[in-house]
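These notes are about the structure you will find just below.
The values are calculated or read from the model by the stated rules, or taken from the named source; none is laboratory data. None of these values were measured; they are calculated from a predicted model. Here the Cβ is made from the backbone with ideal geometry for all residues, glycine too, and neighbour counts use every protein chain on show. All accessible areas refer to the heavy atoms of the entire protein, side chains included, with ligands and DNA or RNA removed. Shrake-Rupley method; radii C 1.70, N 1.55, O 1.52, S 1.80 Å.
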Amino acid sequence: MGKKTNVILVVAKSGAGKDYVVNKILDSNSDMVKDNSRISKVISRTTRKPRYEGEDTHLFIDAVTAHREIFKSIAWTKFSGNYYYAMPEDLINHGIYIIDPNGVKEFKNNSEYNKFDTIVFSITCPWYLRLIRMIKRDGLFKAVKRIITDIKDFKDIDKYVDISAKTGKEAQKVFSKLVKEFLFLEKPSNEIYF
């Protein structure tokens with residue numbers, strides 16, 4: 001079997017700052033990113049509507065396309081009636097996949113998984129900070145609903161997590177090291193030490 005593709009799976013409860021941490025590190029290492037296309041985010045596909053005009057965190061697709069593609073995907077999940085998924089080819093050119101816990105489990109159990117060397121990076125954040133962030137973004141009702149949903153969805157995620165860091169500076173520092181060593185230098189996951 002050939003060399004595996006390195007992928008960092010970033011998982012965290014709603015409002016913990018997944019996109020913020022990833023974007024902060026990519027923005028602060030723009031020279032490294034420019035020189036290596038693998039140091040970029042997977043743009044997963046979803047049937048949900050964009051939260052705001054110009055949102056680029058997902059490829060927004062219709063339900064017909066999702067039903068045609070989803071069973072060929074590397075990982076998929078359904079949240080609030082919407083599908084979220086990525087195709088194996090999406091991970092070949094991008095090394096950072098922001099994913100929910102159901103997606104992590106699906107990814108690890110997929111037969112395509114053996115083509116990838118992964119590190120599951122978890123960002124932890126107190127529930128009350130997450131709630132404040134989500135109220136600002138989504139309103140009180142959606143924020144509370146997501147907090148409750150996360151309790152169930154994250155129940156057994158720890159057994160899949162390789163590295164965990166607290167939101168903010170700690171998460172940025174750890175994630176930066178992962179990107180530089182695991183993606184840029186293409187080390188296997190068993191050669192990354194903290």
If we sort 7-19, 123-135 on the protection proxy, mean other Cβ atoms within 10 Å, highest first, what's the order?
7-19, 123-135
Restricting the calculation to Cα positions, tell me the Rg (one decimal) and the Dmax (whole number) of the chain in Å.
16.1, 50
How high is the relative contact order of the chain? Use alpha-carbon pairs under 8 Å, at least six apart in sequence, and give a whole percent.
33 percent
The range 94-194: equivalent-ellipsoid semi-axes (sqrt of 5 x gyration tensor eigenvalues, Cα, Å):
27, 17, 11
D for the range 64-129, whole µm²/s, Stokes-Einstein with Kirkwood Rh over alpha-carbon pairs at 25 °C and 0.890 mPa s: what number?
188 µm²/s
Using θ = phi - 60° and the Karplus form 6.51 cos²θ - 1.76 cosθ + 1.60, what ³J(HN,Hα) does each residue of the range 140-150 get, whole Hz, x for Gly and Pro?
4, 4, 5, 5, 5, 4, 5, 4, 5, 4, 4
With a 10 Å radius around each residue's Cβ, average the other Cβ atoms per peptide and rank 144-155, 98-109, highest first.
98-109, 144-155
Taking only the Cα positions of the range 95-141, the convex hull volume per residue in Å³ is 105 Å³
Just the number please: accessible area per residue for the chain, 1.4 Å probe, all protein chains included, in Å².
55 Å²
Take the cross-link list K3/K136; K3/K152; K3/K142; K24/K49; K4/K136; K145/K180 and give me the ones stretching past 32 Å between alpha-carbons.
K3/K136; K3/K152; K3/K142; K4/K136; K145/K180
Kirkwood Rh, angstrom, the range 24-93 [1 / mean 1/r, Cα pairs]:
13.4 Å
Please find the FRET efficiency linking D162 to R68, where r is the Cβ-Cβ separation and R0 is fixed at 45 Å, and quote it to the nearest 0.05.
0.85
Would you mind checking which residues have amide H under 5 Å from V120's amide H? H placed 1.01 Å from N; only 5 or more apart, or other chain.
L9, D162, I163
